[in-house]
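Structure, as structure tokens:
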Amino acid sequence: MTDMQPDLRELYQEVIFDHNRHPRNFHDMPDASHSAQGHNPLCGDELTVYLQVRDGVVADASFVGQGCAISTASASLMTEAVKGRPVAEVESLFRDFHAMLTEAQPKGRDFGKLEVLSGVREFPARVKCATLAWHTLHNALGGVADTAKTE
Ligand code: ZN
């Protein structure tokens, strides 16, 4: 993304700022069918992801916690992206999103709004902030009770 257009970069940053200031689906979920806690010790980001899974579909998703702008915006965008999707699709989106941020040649998938986080690839220390919510989601779906660690 080193050749990213400056105006595109600005637009992406605006979306991230907006999701940090006004996180979507930012509330706990007493009747959640799945949940997990995540912690990124490198930055201090902490969050809990809640899911309501019905008939193999993520019917609802939310999160609470506190962290840097990237981790909060990523969690907010994630809850929007996974709502209404089958669990298998959510898991494949998790893998592809992770690849987009960590691999030199990411897959040619349409990430929709999640694309705004692609610039994080240039800042390896922040990749863990952007993927924390996704690792936590993955653990929630796997029923892992432990706290997700990015390390
Ligand atoms: Zn962070």
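Couple of notes before you dig in:
- Less than 5 angstrom separates the built amide H of Ala59 from those of Gln52, Val53, Arg54, Gly84, all sequence-distant by 5 or more or on a different chain.
- Descending semi-axes in Å of the range 14-83, equivalent ellipsoid built from Cα gyration tensor: 21, 14, 9
- Helix-only mean residue ellipticity at 222 nm for the chain, each DSSP H run of n ≥ 4 adding -39500 (n - 2.57), per residue, nearest 500: -14500 deg cm²/dmol
- Our coupling estimate for the range 20-25, obtained by passing each phi through the Karplus curve with A = 6.51, B = -1.76, C = 1.60 and θ = phi - 60°, is 6, 6, 10, x, 7, 6 Hz, Gly and Pro reported as x.
- Here the calculated FRET efficiency for Ala125 and Ser33, from their Cβ-Cβ distance with R0 = 25 Å, stands at 0.15, rounded to the nearest 0.05.
- Between helix 69-82 and the chain: long-axis angle, C-alpha atoms, 0 to 90°, nearest 10: 60
- Peptides ranked, highest mean first, by Cβ atoms within 10 Å: ranges 70-82, 115-127, 25-37, 41-53: 70-82, 41-53, 115-127, 25-37
- Accessible solvent surface per residue of the range 6-149, calculated while the other protein chains remain in place, 1.4 angstrom probe, Å²: 49
- Coordinate range along principal axes, alpha carbons of the chain, Å, largest first: 44, 30, 28
- The distance between label points at Leu8 and Arg21 comes to 2.5 nm (points 7 Å beyond Cα on the Cα→Cβ vector).
- Carbon + sulfur, % of accessible area of the chain - ligands and nucleic acids excluded, 1.4 Å: 49
The values are calculated or read from the model by the stated rules, or taken from the named source; none is laboratory data. Since we're looking at a predicted model, the values are computed, not measured. As a convention, Cβ positions derive from the backbone with ideal geometry for all residues, glycine included, and neighbour counts pool all protein chains shown. Ligands, DNA and RNA are stripped out before the accessible areas are found, and what is left, the full protein with its side chains, is counted by its heavy atoms. Shrake-Rupley method; radii C 1.70, N 1.55, O 1.52, S 1.80 Å.
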